[in-house]
Amino acid sequence: MKEAPLTPKQLAAEIEVGYETVRGILKGDRPPAKLLLREICRVLALNFEAMNDMLVTEQINRKFGRVPATRKNDPELQSIEGAWPLLLPEEKEHIVLLVERYVERKQRQQSAPPVPRIVPRPVR
């Protein structure tokens, strides 16, 4: 809205809703419905898919206090995420450091040139 040449009242008129609805959305008091978000994106020339992803992420964060870090193809992270709240802060720190070390080692292995193999001489 800061970059758009529209005031909240003008935006409300463009998307045909009340000023209080737009004011609540801009303040973050009430998230817009999907259809209303689509209209806002149309008027402000924003990417609807990106804005909808942001909206869903924010709604999940408000409801659960955090956004799960799970991926569709990696169900192993779900068990780690479920156990995470049970760990002490130093245990969490230890796990994070351990993962970082594994990643560093893997990156070094991938960037290092292959070690030449010593081939025995053929017997004559």
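The values are calculated or read from the model by the stated rules, or taken from the named source; none is laboratory data. These numbers were taken from a predicted model, which means no experiment stands behind them. Here the Cβ positions follow ideal geometry from the backbone for every residue, glycine too, while neighbour counts run over all protein chains shown. Heads up: the accessible areas ignore ligands, DNA and RNA and are worked out on the full protein's heavy atoms, side chains in. Shrake-Rupley method; radii C 1.70, N 1.55, O 1.52, S 1.80 Å.
Worth pointing out:
- Subset tally (residues that are modelled with pLDDT of 85 or more and part of a loop (DSSP other than H, G, I, E, B)) for the range 54-94: 2
- Filter result for residue 123 (open to solvent by 100 Å² or more (accessible area, probe 1.4 Å) and either in a helix (DSSP H, G or I) or free of Cβ contacts under 8 Å to residues at least 12 places away in the same chain (or both)): yes
- Residues of the range 4-38 that turn out to be farther than 19 Å from residue 63 by Cβ, at pLDDT 90 or above and within 24 Å of the chain's Cα centre (by Cα), as a count: 3
- Restricting the first member to the range 38-58 and to residues that are within 15 Å of residue 26 (Cα to Cα), and the second to residues that are open to solvent by less than 50 Å² (accessible area, probe 1.4 Å) and part of a loop (DSSP other than H, G, I, E, B), the beta-carbon pairs closer than 6 Å and six or more apart or on different chains are 44/4.
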